[in-house]
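Okay, so here's the structure we're looking at.
The values are calculated or read from the model by the stated rules, or taken from the named source; none is laboratory data. This structure is a prediction, so every number in the text was calculated from the model and none was measured. Quick reminder, even Gly has a Cβ in these numbers, built from the backbone with ideal geometry, and neighbours come from all protein chains shown. Side chains included, ligands, DNA and RNA excluded: accessible areas come from the protein's heavy atoms. Shrake-Rupley method; radii C 1.70, N 1.55, O 1.52, S 1.80 Å.
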Amino acid sequence: MGPKILVARRVFPEIVARLQQHFEVDHNEGDEVLGARLAERLQGCAGVFITGSERIDQALLDACPQLKAVCAMTVGFNNVDVAACTARGVRVSNAPDVLTETTADFGFALMMAAARRLAESEHYLRRGEWTRWSIDMFAGSDIHGATLGILGMGRIGQAIARRGHLGFGMPVIYHNRSRLAPEVEASLGARWVDKDSLLCEADHLVLVLPYSPEAHHIIGARELSLMKPSATLTNIARGGIVDDAALAEALAKKTIAAAGLDVYEGEPKLNPALLEVPNIVLTPHIASASIPTRRAMANLAVDNLIAAFTGGRMPTLLNP
Ligand code: DGY
């Protein structure tokens, strides 16, 4: 029997079976978010398989000195203090690449749903309010040919740009700390612009940047006021990047036309003001949630755990 590991949330049975070939596995099949009980449950564990719900910080590391590896099945890792882990020799991995296309599909779907008022019109129909056709009933804005703005041009941003450029004939503008190579820009039909120009020029703005303290409320009241009144905003990145209260106000005042959100400040709780505005599509952090992709994400975390304890090279190690 190998070292003991904790799988912090419920995962697919074949993932547990794979882990059991190498480890003594404690599986949180009940699926409750362990929160403050995580440290207690981790006693005696050398490794942990986490999702985005577990916080791995200095206090947890102090309480679990035997921990050697933290393997996340998510690409985002703002819930893990990588520097603190590195200082203690705890290896950390995330799960990039395997979710890129699925997440880009969802970002595009959410953007389209916001632009074409899918949720708003569906709610209207379900309420039994549809009695006749009218010329501007739920008329929204076009996707094809409109300017696609992307904030954060990593792998997922580029996959969204490709969809917009090749599939919908959208001129693509983006803002990112580092510019793409000219040939990559050309293949995506993408042009780098400064952040304020991105806000002013985009018809549909999609946020795909990782969360960091510098990115906190990077879209607030000032930024929303720069956007076109006909524009949409889609956030599939992380809660806290958008000031949700300012967004709700902008939507209520029609400073922008519509929004699509998959992530929220303080999720799974939502700012109640978001629930009051009709011109929004709200989903519960499911951008990577296709069955094959969730399997691939979990398997990548398993690959990392196995490598961490068999002397292999962890495929997606995050420590410098
Ligand atoms: C990720 O992998 O970071 C996605 O947000 C899913 O949680």
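Computed quantities for the displayed model
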| item | result |
| --- | --- |
| Hits in the stretch 271-312 - residues which are away from the ligand (no atom under 15 Å from the Cβ), in a helix (DSSP H, G or I) and under 30 Å from M1 (Cβ atoms) | V302, D303, L305, I306, A307, A308, F309, T310 |
| Count - residues of the stretch 190-217 that are under 24 Å from D105 (Cβ atoms) and away from the ligand (no atom under 16 Å from the Cβ) | 7 |
| Only listed residue being outside the structural domain of F108 (by TED's automatic domain parsing) and of a type outside the set (G, A, S), chosen from P268, P320, P278 | P320 |
| Qualifying residue in the stretch 154-166 (condition: over 21 Å from the mean Cα position of the chain (by Cα), of a type outside the set (S, T, N, Q) and surrounded by fewer than 22 Cβ atoms within 10 Å (Cβ to Cβ)) | yes |
| Single residue of the stretch 200-217 satisfying the filter (part of a loop (DSSP other than H, G, I, E, B) and touching a residue at least 60 places away in the same chain (Cβ under 8 Å)) that is surrounded by the most Cβ atoms within 10 Å (Cβ to Cβ) | V208 |
| From the options D62, D81, residue that is at pLDDT 95 or above and either polar (S, T, N, Q) or under 20 Å from the mean Cα position of the chain (by Cα) (or both) | D81 |
| Boolean, A59 is aliphatic (A, V, I, L, M), farther than 16 Å from A301 by Cβ and in a helix (DSSP H, G or I) | yes |
| Checking A36 against (1) open to solvent by 50 Å² or more (accessible area, probe 1.4 Å); (2) among the small types (G, A, S); (3) in a loop (DSSP other than H, G, I, E, B), the condition it does not meet | (3) |
| Number of the condition not met by E54 [criteria: (1) assigned to a loop (DSSP other than H, G, I, E, B); (2) of a type outside the set (V, I, T); (3) open to solvent by 10 Å² or more (accessible area, probe 1.4 Å)] | (3) |
| Among the candidates D262, D244, D303, residue that is open to solvent by 20 Å² or more (accessible area, probe 1.4 Å), modelled with pLDDT of 95 or more and of a type outside the set (K, R) | D303 |
| Hits in the stretch 71-98 - residues which are touching a helix residue (DSSP H, G or I) at 6+ places or on another chain (Cβ under 6 Å), within 11 Å of the ligand (Cβ to nearest atom) and open to solvent by 10 Å² or more (accessible area, probe 1.4 Å) | M73, V98 |
